[in-house]
1. Which FRET efficiency value, to the nearest 0.05, is calculated for residue 293 and residue 1 with the Förster distance at 25 angstrom and r the Cβ-Cβ distance?
2. What FRET efficiency comes out for the pair residue 235/residue 158, r = Cβ-Cβ distance, R0 = 45 Å, nearest 0.05?
3. If you stretched the chain out fully between residue 86 and residue 224, how much longer would it get, using 0.36 nm times the residue separation minus the C-alpha to C-alpha distance?
4. Could you give the length gained on full extension between residue 137 and residue 45, defined as 0.36 nm per residue of separation minus the Cα-Cα distance, in nm?
5. Describe numerically, in nm with one decimal, the distance between label points set 7 Å from Cα along Cα→Cβ at residue 62 and at residue 32.
6. At residue 246 and residue 263, where each label point lies 7 Å from the Cα along Cα→Cβ, what is the point-to-point distance in nanometres?
7. If R₀ is 45 angstrom, what is the calculated FRET efficiency for the pair residue 150 and residue 281, using the beta carbon separation as r and rounding to 0.05?
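A short reminder: the numbers here are calculations on the coordinates, not readings from a lab. Owing to the predicted nature of the structure, the values given are computational and were not obtained by experimental measurement. Note that we place each Cβ from the backbone using ideal geometry, even for glycine, and neighbour counts take in every protein chain shown.
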């Protein structure tokens, strides 16, 4: 898969709430429910102001614009930049999926979108690689996103048979399209993982790492892959991503390894070989360095299969036909 699909696969976002928000008059809410969650909303009518924790100024979003809140940091959403906020937990119903929540009688600002529960084991680390607030402006490239939003609103409004599942699937598509548009809007001076994907040199390097994580990549081979000198490539990659190319490669390999330890019956030796390590010892040392504990301890503490059970189940799986398992609650699966 491509790197953005890979990221969402490990995050495993599940659409938990799909709802509308209709506000009137002066209002401000402190979104204190973002930990372990991603919110993706579109401004359908009116406008609102957003200010993320750690940023100096609020930004105004008008009708046609979208925003994604992926980092877990607190955000204030309001009718104006100087309105004192109330905790959102005092106003919003956490179980109001499919409904429209009204504040002060509504009429001035209308939003629609979804809240995603993030269940991936590395979610906190992955989300820190994203900006606290992602804004998608109303541009010509938004036609597909607007179509998804309109379809979601129709499902919420008409409540036909299967509308809940339809809204869930549409919300996932809306999230991916919003992130895709954000990547495509990145300028040359932007930094961060999403900006790195858009970079004409760093982006191909990240795609090469994700495409072949087991390959014996070095700084020289990655630089050659994207047509740059080692020094210039290394500087550009670290400025964009915040880590060296080899550190990024190692971190990505260990995330894949952690997922396979839990989700598959592969032995540690098999996982090590599949990720390019010549010995289980070398793999275990890298895993401990990156993940904070050896693979077997990680396996125990995360509730995975024991080595004996994994081996027994592996033998059994050779004799039993395997059938695909449906994704739970619309989750993205690797």
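1. After rounding, the FRET efficiency stands at 0.35.
2. 0.25
3. 44.3 nm
4. That pair, residue 137 and residue 45, stretches by 31.7 nm at full extension.
5. 3.4 nm
6. Label-label distance for residue 246 and residue 263, simple model: 2.9 nm.
7. It comes to 0.20.
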